[in-house]
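J.: First, the structure itself, so that you have it in front of you.
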Amino acid sequence: MGFKKIGKKIQLAREAKGLTQSDLAEKLAITQAALSNYELGKRRLYLHQIQKLAEILDKHLNYFIDDESIDRYTGAGQDISNKKIPLSNEEIMTRICALTGEETQLLSEFLDFLEWRKNKND
């Protein structure tokens with residue numbers, strides 16, 4: 001997914017939460033200008049930053065990183081932060097096998113991040 005699509009999702013989630021760019025930037029401990037660049041797709045976000053955005057904006061992490069329609073994760077505008085999207089192992093493997101080399105690298109980095117976060121909290 002491109003940075004512009006992620007940025008648009010950030011903007012939509014921020015507005016749905018009733019936050020200004022300044023409000024969200026303060027919660028993220030970044031400048032309003034940096035947040036504006038994220039929303040415009042001019043600046044790269046890392047997974048740990050997207051995780052923090054998801055927590056603050058009460059969205060599932062996949063809302064930001066999946067290239068699927070926004071409605072899949074929002075329930076047509078509803079928050080699903082506490083709902084799980086069940087996937088079978090077969091579906092997961094099918095999706096992994098369809099990834100490009102770059103996408104596989106991103107998935108590997110995401111798995112590393114999850115492992116780090118799990119170990120940090122243990």
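The values are calculated or read from the model by the stated rules, or taken from the named source; none is laboratory data. Source: prediction; values computed, not measured. Cβ sites come from the backbone with ideal geometry, for glycine too, and all protein chains shown count toward neighbours.
J.: What's the number of the only condition in (1) at pLDDT below 85; (2) part of a loop (DSSP other than H, G, I, E, B) that Glu91 fails to meet?
T.: Among (1) at pLDDT below 85; (2) part of a loop (DSSP other than H, G, I, E, B), Glu91 violates only (2).
J.: While we're looking at this one, here's another question. Return the residue satisfying two criteria in turn: it lies in the range 28-70 and is basic (Lys, Arg) and farther than 18 Å from Gln105 by Cα, and of such residues it is surrounded by the most Cβ atoms within 10 Å (Cβ to Cβ).
T.: Residues of the range 28-70 basic (Lys, Arg): 42-44, 52, 59.
So of that shortlist, the ones also farther than 18 Å from Gln105 by Cα come out as 42-43, 52, 59.
Values: Lys42: 12, Arg43: 15, Lys52: 16, Lys59: 24.
The selected residue is Lys59.
J.: Which one is surrounded by the most Cβ atoms within 10 Å (Cβ to Cβ) among residues in the range 5-27 that are among the charged types (D, E, K, R) and under 15 Å from Asn62 (Cα atoms)?
T.: Among them, the one singled out is Lys9.
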